[in-house]
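Here the structure is laid out as structure tokens; the discussion comes afterwards.
Nothing in this text is a laboratory measurement; each read-out follows from the coordinates by a stated rule. Everything numeric here is computed off the predicted structure, so don't read it as measured data. Note that each Cβ is placed from the backbone with ideal geometry, even for glycine, and that neighbours are counted across all protein chains shown.
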Amino acid sequence: MKQFSLVHLALGSLLFLSSLAHAQRWPEAKANAWYERQPWLIGSNFIPANAVNQLEMWQSDTFDPQEIDKELGWAENIGMNTMRVFLPYLLWDKDATGFRKRIDTFLGIAAKHHIRPMLVLFDSCWDPSPRLGPQHPPIPGVHNSAWVQSPGAPVLQDASQYPHLKAYVQEVVGAFADDSRILAWDVWNEPNNISTEGPYARFEAKDKLKLELALLPQVFQWARSENPAQPLTSGLWQGGDWSAPDKLSPIERIQVDESDVLSFHNYSWPEDFERSVKSLEGYHRPIICTEFMARPVGSTFDTILPLAKKYRVGAISASLVAGKTQAYLPWDSWHHPYVLEQPAVWFHDVFYPEGRPYREQEVKIIRELTGTSPAADTR
């Protein structure tokens, strides 16, 4: 009996140690081997043109598979193979089963178009007070006028809600942990982004940075505990010096130390983009730029994509189809709405609502770099 107990104790210890090993960050070799199996990644952040924000995209009464299918078809036709898609926590909290089914439906549509999305779990940008139900219409002339944070300030400030956040991460990641239709998990978008001016500033969570600094490593741990076959990441926000660990902010240090593959945002000139890439190469991990392309401020397909291809850095542009997010309007529209006139140059977005490219030359560049032949017009 004693021998039996010792054997089972040893086996139990091995299983426990094995589970710990699986819950660790991917070693460099595993991350790089995963990346070698991927095509050069190119795509866009995605929300259908008829959704003003993530909640309108995913709520049952406004979820629109036909529109998603049409727009992902346009993306496939120019050579895109990934999309970055934001998931709203509040919707899972209300209707976890229905939300999972709609995620599965979306993944099926994406797979039909040979697109493997990166799914984003939390987001610190724009409106800190998300609410379920009908979403307000776009504010005329204003960029991203209804985009909401997730989980949002009320939940972020309430520690009693954190077990629900853990359940959300583990249930969503766990449900799709072995799903080959998913490229990667972005656990938190721009966790160091705080509105210090404008209409949202006074609604931001008190001590937001401090709260997110404490939560971010836990979110990585919660996701990793489900042993996903896909890598985890959290994108470094533009503007920092990432060339050495001692130059990173506390949140950036967590992002770099915990990410299986490194990701970053850059909306600047190609010289700055290249500096960002070179500063991250020293960490010897795959690199994906998960937000770029803002034409008037120097970030364009023409200049950035050749660099991304040269360094084999994944390139995910800011937005795909001009629609209710009004992402074709510049950031300064929050201070000067474009009501009486339109900007001289679109900020983000690749397609008009009917599927016509904003610039044919951009589409030509994407097709040339991905080796994609134009298919029949799907508009």
(request) Please tell me the relative contact order of the range 27-370 in percent, rounded to the nearest whole number, where contacts are Cα pairs under 8 Å and at least six residues apart. (result) 21
(message) Can you compute the FRET efficiency between L307 and S225 using 1/(1 + (r/R0)^6), with r the Cβ-Cβ distance and R0 = 35 Å? Round to the nearest 0.05.
(response) 0.45
(message) Among S373, A146, W126, whose Cα projects farthest towards the positive end of the dipole of the chain, with charges put on the beta-carbon of Lys, Arg (+1) and Asp, Glu (-1)?
(response) S373
(request) About the Cα centre of the chain, how large is the charge dipole given +1 on each Lys and Arg Cβ and -1 on each Asp and Glu Cβ? Please answer in debye to the nearest 20. (result) 760
(message) If R₀ is 45 angstrom, what is the calculated FRET efficiency for the pair D95 and L340, using the beta carbon separation as r and rounding to 0.05?
(response) 0.60
(message) I need the calculated FRET efficiency for the pair N50 and R131, taking r as the beta carbon distance and R₀ as 22 Å, to the nearest 0.05.
(response) 0.70
(request) Treat the count of other C-beta atoms within 10 Å as a stand-in for reagent exposure and order V155, V173 from fewest to most. (result) V155, V173
(request) Tell me, rounded to the nearest percent, the portion of alpha carbon pairs in the range 25-156 spaced more than 21 Å apart. (result) 47
(request) Kindly provide the helix-only [θ] at 222 nm of the chain, computed as the sum of -39,500 (n - 2.57) over DSSP H runs of four or more divided by all residues, to the nearest 500 deg cm²/dmol? (result) -12000 deg cm²/dmol
(message) Going by amide H atoms built from the backbone, whose H comes under 5 Å of the H on A315, apart from near neighbours?
(response) L41, I42, G43, C289
(message) Compute, for the range 85-185, the length of the dipole vector about the Cα centre, with Cβ point charges of +1 (Lys, Arg) and -1 (Asp, Glu) only. Units Debye, rounded to 20.
(response) 280
(message) Just to check I understand the Karplus step: with θ = phi - 60° and J = 6.51 cos²θ - 1.76 cosθ + 1.60, what whole-Hz values come out for the range 24-32, glycine and proline as x?
(response) 8, 4, 4, x, 3, 4, 5, 4, 6
(request) Return the loop-located GluC sites (Glu not before Pro) in the range 278-379 (DSSP other than H, G, I, E, B) with at most 11 other Cβ atoms within 10 Å of their own Cβ; answer none if there are none. (result) E341, E354
(request) Filter the trypsin sites (Lys or Arg not before Pro) in the range 181-260 to those in DSSP coil with at most 10 other Cβ atoms within 10 Å of their Cβ, and list the result. (result) K206
(request) Tell me the GluC sites (Glu not before Pro) within the range 133-211 that lie in a loop according to DSSP and have at most 11 other beta-carbon atoms within 10 Å. (result) E197
(request) Equivalent ellipsoid semi-axes for the chain, as square roots of 5 times the alpha carbon gyration tensor eigenvalues: give them largest first, rounded to whole Å. (result) 33, 24, 22
(request) Using θ = phi - 60° and the Karplus relation 6.51 cos²θ - 1.76 cosθ + 1.60, list the HN-Hα couplings for the range 219-224 in order, rounded to whole Hz, with x at every Gly or Pro. (result) 4, 4, 5, 4, 5, 5
(request) Go through the range 283-295 residue by residue and turn each phi into a ³J(HN,Hα) via Karplus (6.51, -1.76, 1.60, θ = phi - 60°); whole Hz please, and just put x for glycine and proline. (result) 8, 6, 10, x, 10, 10, 8, 8, 8, 7, 5, 9, 3
(message) Rounded to the nearest 20 debye, what is the charge dipole size of the range 146-285 about its Cα centre when +1 sits on each Lys and Arg Cβ and -1 on each Asp and Glu Cβ?
(response) 240
(request) Pull up the DSSP beta bridges for the chain and report the antiparallel fraction as a percent, rounded to 5. (result) 10
(message) Can you give me the long-range amide H partners of I139? Hydrogens built in the peptide plane at 1.01 Å from N, cutoff under 5 Å, separation of 5 or more residues or another chain.
(response) S145
(message) Need the C-alpha centroid separation for the range 26-86 versus the range 90-116, integer Å.
(response) 11
